[in-house]
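Please treat every number below as a calculation from the coordinates, not as lab data. Note that the structure is a prediction, hence the values are computed from the model and not measured. Cβ coordinates were reconstructed from backbone atoms using ideal geometry, including for glycine residues, and neighbour counts include every protein chain displayed.
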Amino acid sequence: MLRHPSSYRDPSGFVYREKGAFYRQINPVYFEEYHTAKNAGIYQKLFDKKWLIPHKEISVDEEKIIILPEQLDFISYPYEWSFSQYKHAAQLTLRIQIFLLENNFSLKDASAFNIAFHKGKAVFIDTLSIEQYKENAPWRALKQFNEHFFGPLLLAQKYGGQYLKTLQHSINGMALSEVKRQLPFTSRFHPTIYSHIHLLSKSDTKESSEKTESKEARLSKSSQIKMLLALEQHINTMTSKENTEWSSYYDQINYQEESFQAKKKLVKEWCAAIEARKIIDLGGNDGTFAKELLDQADQIMVSDIDQPAIDQCYLNQLKSKENKLLPIVCDLMQPSPAIGFHHKERDSFTSRVIDFQADVTMALALIHHITLTGNVPFEMSAAYFAKLTPYLIIEFPDREDSWVKFILDSKRDARHLFDDYTISAFAKAYQKKFKLLKSEKIEGTERTLFLFERYEG
């Protein structure tokens, strides 16, 4: 049994790994809450709504209860979500709390890390967060909800998607006093923002916190539900106006439709040839090429630096009711690191991708950005890709490609430092880590597609 390093905060139980599967142990201190919720049908109702990850009991004795949750193939963290993903995670948390209140239960915490994206949608994964409701007791996790969800969403809506990465450097949430400081003065006249940010931010101070503790607060259940419904409705209307060149990349692609279709055909044929069932599409933009592979793959992770592009990928999947895509916001030049206690509470992006055990990595129209914009030598990018999957499909735009010309021109006096950006230098470096299986120039372009197989051992 290997206890997961992230599962230490709640004395009610913990998650552990055994023989490749994740289990949850429930400790005696939570037995009463667990059995009460179970006997009231709360778990089953949440399973039926697809709001809570399903589980089944494996064993029950006086020392522990062991449950086996439905297994997740990949865990993404809040700082890897697009605006709509973040918003839907917030709404799900509120909807669960409202449902629980209506049934005389409550969530004892509202961490954004309690949400995962599974089968295309947000799902709550912390089974032990449910407790019995105490009459007229306010929701004690409301402040945490605003620190993890509402505050970052408000700032992201106003200033941009970088605020959705708040929990990467503030793992316990963003202080509401800091959120308030960055909001315009007029926000205090909005009833929802005032009550959830300005008013609650006063408890950030030690003096105010002591006053709150010494005075028992009371709020009826009906008032709480009304308040949470108003908050959920406000979040539902929130939109991101952020737009970038990458979110409309395929509307201004620099090669012809025939070449575009030829590239799609090659990717499909090569993935079929290596029987790829799990695929990683790095720099996948809005998932255009990933969607071409849905009929032959089980799961495809689409990762991109661009928030709006990943948001578009996520929303398109919801509309199509497809559930094979895993949209992730990630900058490969600074991917999510391992953070938290002992650097093990939240795993790095790269370690999670390796654990995902995909068959092939696709890096289409990516290498020139890594090499020319990021200054990463071919040998280093080859070593990185070789860690991820046994196969690699990578597109190399030559020096005559318009995007490459644009990047090189931006180097001005330093342009000569990139004279070694050539297809021969690329192929030589990559063949130190991979065996070349296929290469084909994409007709009508200055780009070549390569299929590599990693050397094992």
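Some observations on this one:
- DSSP bridge analysis restricted to the chain gives an antiparallel fraction near 65%, rounded to the nearest 5.
- Extension gain (nm, one decimal) between Leu437 and Arg3, 0.36 nm per residue minus Cα-Cα: 152.1 nm
- Neighbourhood charge, 11 Å Cβ-Cβ cut-off, centred on Val329 and excluding it, Lys, Arg +1 and Asp, Glu -1: -4
- Packing-based order for 180-189, 123-132, using average beta carbon neighbours within 10 Å, highest first: 123-132, 180-189
- Summed over qualifying helices (DSSP H, 4 residues or more, each -39500 (n - 2.57)) and divided by its residue number, the chain shows a 222 nm mean residue ellipticity of -10000 deg cm²/dmol.
- Relative protection proxy for 161-169, 413-421, from highest mean packing down: 161-169, 413-421 (other beta-carbon atoms within 10 angstrom).
- For Lys428, a cut-off of 16 angstrom between C-alpha atoms picks up these lysines, skipping any fewer than 8 places away in its own chain: Lys438.
- Cβ crowding within 10 Å averaged over residues, with 362-374, 43-55 ranked highest first: 362-374, 43-55
- Computed about the Cα centre, the dipole magnitude for the chain is approximately 920 debye when only Lys and Arg (+1) and Asp and Glu (-1) carry charge, each at its Cβ.
- Alpha-carbon centroid distance for the pair region 379-457 / region 270-284, whole angstrom: 18 Å
- Partner lysines for Lys119 [C-alpha distance under 22 Å; skip if fewer than 8 residues away on the same chain]: Lys45, Lys49, Lys50, Lys56, Lys87, Lys278, Lys291, Lys319, Lys321, Lys324
- With both residues required to sit in region 238-380, DSSP beta bridges show an antiparallel share near 5%.
- Relative contact order (%) - region 275-383, alpha-carbon pairs under 8 angstrom, separation at least six: 29 percent
- For region 350-437, averaging the sequence separation of C-alpha pairs within contact (under 8 Å, six or more residues apart) and dividing by the residue count gives a relative contact order of 34 percent.
- Length available on full extension from Gln357 to Ser59: 0.36 nm per residue minus the Cα-Cα distance, which gives 104.3 nm.
- Take every pair of alpha-carbon atoms less than 8 Å apart whose residues are at least six positions apart; their mean separation over the length of the chain yields a relative contact order of 12 percent.
- Distance in nm between pseudo-label sites at Lys49 and Ser223 (7 Å out along the Cβ direction from Cα): 2.4 nm
- Toward the positive end of the charge dipole of region 246-454, with +1 on the Cβ of Lys and Arg and -1 on the Cβ of Asp and Glu, the farthest Cα among Ala365, Ser402, Ala272 is that of Ala272.
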